[in-house]
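Student: Structure incoming, see below.
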Amino acid sequence: MEIRPIISALMRSKVALVLIGLQIALTLAIVCNALFIISQRIETMNRPSGMNEADTFQIASNGFGDGFSTKNAFAEDLALIRGLPGVRAATPINSLPMTNGGWSEGVNMQAGQKVPTTVTTIYFMDEHGIDTFGTKLIAGRNFKPEEITTRSRQSVDWPPGLIITKALADKLYPGQDAVGKAFYLNPEGAPLTIIGIVDRLIVPWPEGFSYNGDHSVVENSVLVPQMTAYGNHTGYLIRTEPGRRDELMKTVEAKLGDSNHSRIVRSLKSVEQIRAECYANDRAMMIILGTVIFCLLTITALGIVGMASFWVTQRTKQIGTRRALGATRASILRYFLTENFLITTGGLLLGAVLTYAFSLWLMAHEQEAKLLPWHYVPIGFVCLWALGQIAVLGPATRAARVPPAVATRSV
C-alpha cells in the first residue's frame, strides 16, 4: 500500500491530526516518567532492611516520678523480657530502620578533619543487638557484656570499639579488610576501632542520606555498645521464636506495665507495621500515578476511536467507491490501520522529546530524581503503537464492511 495517498488524506484534516498527535505525545511523556517513578518507589519499598522483620517488634515506655530510674529500668525490663517463653533475644534501642527518626553523625578518617568523609546513622544496643536485629556478622566479633555502658545526654565520647555495616566499611576502606582499622565520629576525640562488620542494616530514613553528591547513602550504619539513658525514656527491640510475635506483643506490653507503675508503656509495633507506615506515602503515590496512567491511556484510546469513527463516517461513500473498484475488505482495514500507525508514530516522535524534557525538569526540581533510563521510551512506543492499533480496529472493521453499493447512493 502506498503511503503518499494516506498522508495526502491526513493533510486535509490537520486540526484533528495535530490534536491526536499531541495527545499521544503527552501520554507517552507522562506515562514513561510516571512508570519510572513507580519503579523507583517499588525498588525503595522492597529494599531489604537487614533485619528479621517477621518475628520482631518494638516497645517503649516513658517513666514519671522521682523514683523512676532509666538505668534500673533497662536492667529490670531486659531481664523480664528475656525470661519470657518464646522470646529469642531483646536489646535496648534508640531507633530502627524505617522509623523516619534517629541519630546521624559525620564519619571522619583523620583527627581534626573539617569535612566528614561520609555520614552514618547510629544504632545503640547491647551484646544481644545483632541477634535481635537479625543482621549477620560477617567479619570481626560481637560486643562483649563488659563493653556495654550507659550514655547520658552529657556524653560526648564514644566507646573505643564499634561495629559497622559492610557498606560503610567499603566506603571507608575500599578493597581492604576494615576490621581493626580506625575512624572518628568526633574529629576532636579519640580514634575508634572497627571490631566487627555486619552484612546490612539500613538507615531509619527510607530515602537514605544525601551527602556530597551521593544520593544513595542508605546502608551506612554504626552499632554502638551503649544504652541511651536520656530522660525517662526506654525503648526495646524484641525478637521472638517464629510464629509467636503477635502473642508475645500483648504479653510483653502487659508484663512491662505490671512491673513498674511509674511509667506509660507505648509504641508497641511490629517491624512489619513500621515498614507499612514508613512506605504509606509511596503506596499512595503509586496508586495515584497508576490511576493517572490508566486514565491517560483510556482517554487516548477513546480519542483514537472517536477520530477514526468520524473519518469512517465522513468517507463512507469514498470507501464504497473503492470497494466498487475492486478494493477488498482487507485492503480497507489495512488502510485505516496504516493511517493510524502514521499518526501514532508522529505523536510518539514528538513524545520522545517531551519525555526527556519532562525528566530533565524533574531532575532540576527534585533532588532525588534521576534521568529516565533509555529503555522506557521504546517500550512506551511499542505499547502505544499496540494501543492505537487496537483502538482503531473497531472503526476500521466497520469501514471494511461498507458495501460497494454505497457508491451508487446519492448524498
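Student: Exactly one condition in (1) more than 17 Å from residue 235 (Cα to Cα); (2) buried (at least 16 other Cβ atoms within 10 Å of the Cβ) is false for residue 146; which is it?
Tutor: Condition not satisfied by residue 146: (2).
Student: Report yes if some residue within the stretch 70-86 is part of a strand (DSSP E or B), touching a Leu at 6+ places or on another chain (Cβ under 6 Å) and within 21 Å of residue 246 (Cβ to Cβ); otherwise report no.
Tutor: Initial filter on the stretch 70-86 (part of a strand (DSSP E or B)): none.
Within the stretch 70-86, none of the residues are part of a strand (DSSP E or B), touching a Leu at 6+ places or on another chain (Cβ under 6 Å) and within 21 Å of residue 246 (Cβ to Cβ).
Student: Which one is nearest to residue 191 (Cα to Cα), of the residues in the stretch 102-141 that are in contact with a Gly (Cβ under 6 Å, 6 or more places away or on another chain) and either part of a loop (DSSP other than H, G, I, E, B) or of a type in the set (Ser, Thr, Tyr) (or both)?
Tutor: Residues of the stretch 102-141 in contact with a Gly (Cβ under 6 Å, 6 or more places away or on another chain): 116, 119, 121, 135, 137, 140-141.
Subsequent filtering for residues that are either part of a loop (DSSP other than H, G, I, E, B) or of a type in the set (Ser, Thr, Tyr) (or both) retains 116, 121, 135, 141.
Details: 116: 14, 121: 18, 135: 25, 141: 19 Å.
This residue is 116.
Student: Given the options 57, 36, name the one that is crowded, with 16+ Cβ neighbours inside 10 Å and either among the acidic types (Asp, Glu) or touching a Pro at 6+ places or on another chain (Cβ under 9 Å) (or both).
Tutor: Numbers: 57 fails: either among the acidic types (Asp, Glu) or touching a Pro at 6+ places or on another chain (Cβ under 9 Å) (or both).
Testing whether each residue is crowded, with 16+ Cβ neighbours inside 10 Å and either among the acidic types (Asp, Glu) or touching a Pro at 6+ places or on another chain (Cβ under 9 Å) (or both) leaves just 36.
Student: Look at the stretch 331-384 and say how many of its residues are under 27 Å from the mean Cα position of the chain (by Cα) and part of a helix (DSSP H, G or I). Talk me through it step by step, then tell me what you get.
Tutor: So in the stretch 331-384, the residues under 27 Å from the mean Cα position of the chain (by Cα) come out as 351-384.
Then drop every residue that is not part of a helix (DSSP H, G or I), which leaves 351-365, 376-384.
Matching residues across the stretch 331-384 total 24.
Student: Does residue 178 satisfy the condition of being closer than 21 Å to residue 48 by Cβ, of a type in the set (Gly, Ala, Ser) and in contact with a strand residue (DSSP E or B) (Cβ under 6 Å, 6 or more places away or on another chain)? Before you say what the answer is, go through the steps one by one.
Tutor: On the way: closer than 21 Å to residue 48 by Cβ: no; of a type in the set (Gly, Ala, Ser): yes; in contact with a strand residue (DSSP E or B) (Cβ under 6 Å, 6 or more places away or on another chain): yes.
The answer is no for residue 178.
Student: Just to be sure I understand the filter: pairs with C-beta atoms under 7 Å, separated by 6 or more residues or on different chains, first member in the stretch 375-399 and outside the structural domain of residue 301 (by TED's automatic domain parsing) and farther than 10 Å from residue 308 by Cβ, second member at pLDDT below 90 and assigned to a helix (DSSP H, G or I). Which pairs pass?
Tutor: none
Student: How many residues does the stretch 218-237 hold that are closer than 19 Å to residue 48 by Cα and aliphatic (A, V, I, L, M)?
Tutor: Initial filter on the stretch 218-237 (closer than 19 Å to residue 48 by Cα): 218-223, 237.
Then keep just the ones that are aliphatic (A, V, I, L, M); that gives 218, 222-223, 237.
Matching residues across the stretch 218-237 total 4.
The values are calculated or read from the model by the stated rules, or taken from the named source; none is laboratory data. If you're wondering where the values come from, they're calculated on a predicted model, not measured in any experiment. All Cβ positions, glycine included, derive from the backbone under ideal geometry; neighbour counts span all protein chains shown.
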